[in-house]
Every structure is written in C-alpha cells, then in structure tokens.
Amino acid sequence: MTRTDPGSAAGPDLLVNAPATRRRVGRRAGAVPVALLLPAVIGLAFLVLPLLGLLVRAPWSSMTTVLRDGTVLPALRLSLLTATAATGVSLLLGVPIAWVLARTRFPGLRLLRTLVTVPLVMPPVVGGVALLLAFGRNGLLGRWLDSAFGITLPFTTAGVVVAEAFVAMPFLILSVEGALSAADSRYEEAAATLGASRFTAFRRVTLPLVAPGIAAGSVLAWARALGEFGATITFAGNFPGTTQTMPLAVYLALQDDPATAIALSLVLLLVSVLVLVGLRGRWTGGPA
C-alpha cells in the first residue's frame with residue numbers, strides 16, 4: 001500500500017504561489033506602524049524645517065555681494081584650517097586613548113571613560129573657561145608654557161585649534177573605542193605569537209581592522225570642530241583674521257545685519273553638507 005503525504009497535494013500550489021506569498025510578506029514586513037510613523041514624521045519635520053527656513057529666507061540676490069565681503073573668505077578659510085588641524089590633533093591623541101579604553105583593564109578605567117566623555121555634555125562656554133584655567137597665562141599648564149617657552153595659547157589661532165580639539169576629540173574616541181571593542185582581538189594575539197611587538201601588531205593589524213571606525217570618528221570630529229562656537233569665543237576670542245571662525249562671524253553679523261548672518265549660515269551649512277555627503281560612502285561604509 002502506498003502512503004500518501006498529507007502535505008503533498010498542497011506542495012505544487014505552494015511552489016506556484018511562492019513569489020506572490022513573498023511579496024505579501026515583504027509588504028507586511030516593510031509596513032511602518034502608525035504609532036511609529038507619526039513621531040517619525042514629526043521628528044523629520046523638526047529637523048528639516050529649520051534648514052528649509054534657512055534656504056527660503058536666504059538673500060539669494062545679494063549672495064555674491066556678501067561673499068565678496070572682506071571678512072567672509074578669511075573666516076571660512078580659518079574655519080577649514082583649524083577644523084582640519086583639530087581633527088589631526090584628535091587623531092594623534094584620541095586613537096591611543098581609545099585603544100587604552102578598549103584593550104586594557106585597570107582600576108579607575110570607568111572613571112577615565114567618564115572624564116573622556118565629559119566634554120560631550122559640558123556646556124561649550126564652561127569648556128572655554130576650563131581651558132583658560134588650564135592653558136591661560138595664569139593657568140595650571142599655561143603659566144609654565146609662557147615662562148619656559150614663551151608660548152601663549154589664548155586669543156591665538158593655536159588657541160582656536162585647542163578649543164576645537166577639546167570639544168571634538170570625544171566623538172572620535174567613542175567611535176574608535178566602539179570599533180576596537182567590536183574587532184576580534186585574536187588577530188593581534190596571532191601577530192604576537194609570530195613575534196610582532198605590541199606596537200607592530202597595533203600598526204599592522206589593529207589599525208586596518210578599525211580603519212572605518214577611525215574614519216567615521218574623524219568625520220564627526222571635523223564636523224563638530226567646524227561648528228564650534230562657545231569654547232572658541234571664550235578661550236580664543238573673536239579677532240578677524242586670527243580667531244574669527246565662521247560661527248563667530250555669523251554671531252557677529254546677526255547683531256547688525258541678519259541677512260548677512262543668514263548668508264554666512266548658508267555657506268557654512270553648504271560646506272558641512274558637501275563634506276559629509278562626499279565622505280560618507282567612502283569613509284564610513286554607508287550608502288553614498
């Protein structure tokens with residue numbers, strides 16, 4: 001006697017209707033619940049409407065005149081220069097800090113991680129005051145720098161770089177630490193068993209593994225440094241050609257000429273968007 005499988009009769013129908021079934025399941029899986037859709041739309045409007053308002057209210061007819069002003073291009077050039085320098089400082093100092101946080105264990109590690117992230121939540125003006133107390137002429141370290149080497153950081157271009165690096169470095173540290181924590185440490189151990197020193201393993205094995213995290217952190221740090229205002233004006237002042245970056249120029253113009261402030265804001269926004277969009281797919285591995 002031949003035994004009949006109860007599900008065999010439905011087998012051909014299921015095979016025939018499989019594409020339609022997958023499409024229906026895909027539509028159901030891609031559907032967004034109303035409870036999530038409404039807050040998402042409100043959140044998007046909250047983020048996009050200010051940018052739209054900037055575009056609508058921009059003085060497009062006088063944009064060329066504004067850009068020809070003698071303070072705009074120097075401020076933009078200084079912003080790009082100092083943000084890039086601050087990112088370089090963040091890379092030089094932040095990557096080793098991230099490695100220590102991710103790869104070592106010692107008493108006080110949690111406290112160190114907290115101290116590293118304090119600039120993320122500290123008001124920027126408070127950060128500027130803290131920098132003055134540390135690196136000012138009468139500061140903890142600034143007094144020694146002034147007397148021993150004649151180096152004065154406040155109210156100089158170097159002071160702008162210091163202020164921007166102070167607020168931007170935590171973004172890079174957190175990004176690189178996350179990449180290091182997710183990377184498999186067995187590759188480093190294998191390199192050590194083959195005779196590589198810890199620094200060689202770090203340079204030849206670890207850095208290539210976490211390169212996307214370093215790149216992403218660099219982009220975040222650069223963008224944060226480019227838009228820094230509070231710590232910069234407190235620690236470095238607002239001197240055209242020396243310490244006046246684009247955010248400071250926008251603040252100064254807003255008091256006397258709102259149309260010029262809007263135009264400067266649009267230029268800064270355009271530079272930021274172009275850099276982030278251009279580098280996103282290449283550096284972070286996300287969609288271009």
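The values are calculated or read from the model by the stated rules, or taken from the named source; none is laboratory data. Here the structure is a predicted model, which means the values were calculated and not measured. With ideal geometry, Cβ positions are generated from the backbone for all residues, glycine too; neighbour counts draw on all protein chains shown. In case anyone asks, the SASA skips ligands and DNA or RNA and just uses the protein heavy atoms, side chains included. Shrake-Rupley method; radii C 1.70, N 1.55, O 1.52, S 1.80 Å.
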Worksheet item: Given the conditions (1) within 25 Å of residue 270 (Cβ to Cβ); (2) among the charged types (D, E, K, R); (3) out of contact with any helix residue (DSSP H, G or I) (no Cβ under 8 Å at 6 or more places or on another chain); (4) not in a helix (DSSP H, G or I), and given that residue 105 satisfies all but one, which numbered condition is not satisfied?
Response: (1)
Worksheet item: Of the residues 152, 206, which is open to solvent by less than 70 Å² (accessible area, probe 1.4 Å), touching a helix residue (DSSP H, G or I) at 6+ places or on another chain (Cβ under 8 Å), touching a residue at least 40 places away in the same chain (Cβ under 8 Å) and not acidic (Asp, Glu)?
Response: 206
Item to complete: Return the pairs, sorted by first residue and then second, in which the second residue is open to solvent by less than 30 Å² (accessible area, probe 1.4 Å) and assigned to a helix (DSSP H, G or I), the first residue lies in the range 212-238 and is farther than 21 Å from residue 276 by Cβ and among the aromatic types (Phe, Trp, Tyr), the beta carbons are less than 6 Å apart, and the residues are 6+ apart or on different chains.
Response: 235/128; 235/131; 235/159; 235/163
Worksheet item: Could you list, in sequence order, the residues of the range 158-172 that are farther than 16 Å from residue 142 by Cα and of a type in the set (A, V, I, L, M)?
Response: 165, 167, 168, 169, 172
Practice prompt. Report the residue count in the range 70-84 for those that are outside any helix (DSSP H, G or I) and of a type in the set (S, T, N, Q).
Written response: 1
Discussion item. Cβ-Cβ under 6 Å, sequence separation 6+ or interchain: first residue in the range 110-124 and over 16 Å from residue 162 (Cα atoms), partner open to solvent by less than 60 Å² (accessible area, probe 1.4 Å) and part of a helix (DSSP H, G or I). Which pairs?
Written reply: 113/101; 117/170
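For the range 209-230, indicate whether the set of residues that are of a type in the set (Ser, Thr, Tyr) and in contact with a Lys or Arg (Cβ under 9 Å, 6 or more places away or on another chain) is non-empty.
no
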Practice prompt. Identify all residues within the range 233-286 that are touching a Gly at 6+ places or on another chain (Cβ under 6 Å) and either among the small types (Gly, Ala, Ser) or at pLDDT below 85 (or both); write none if there are none.
Written response: 236, 280
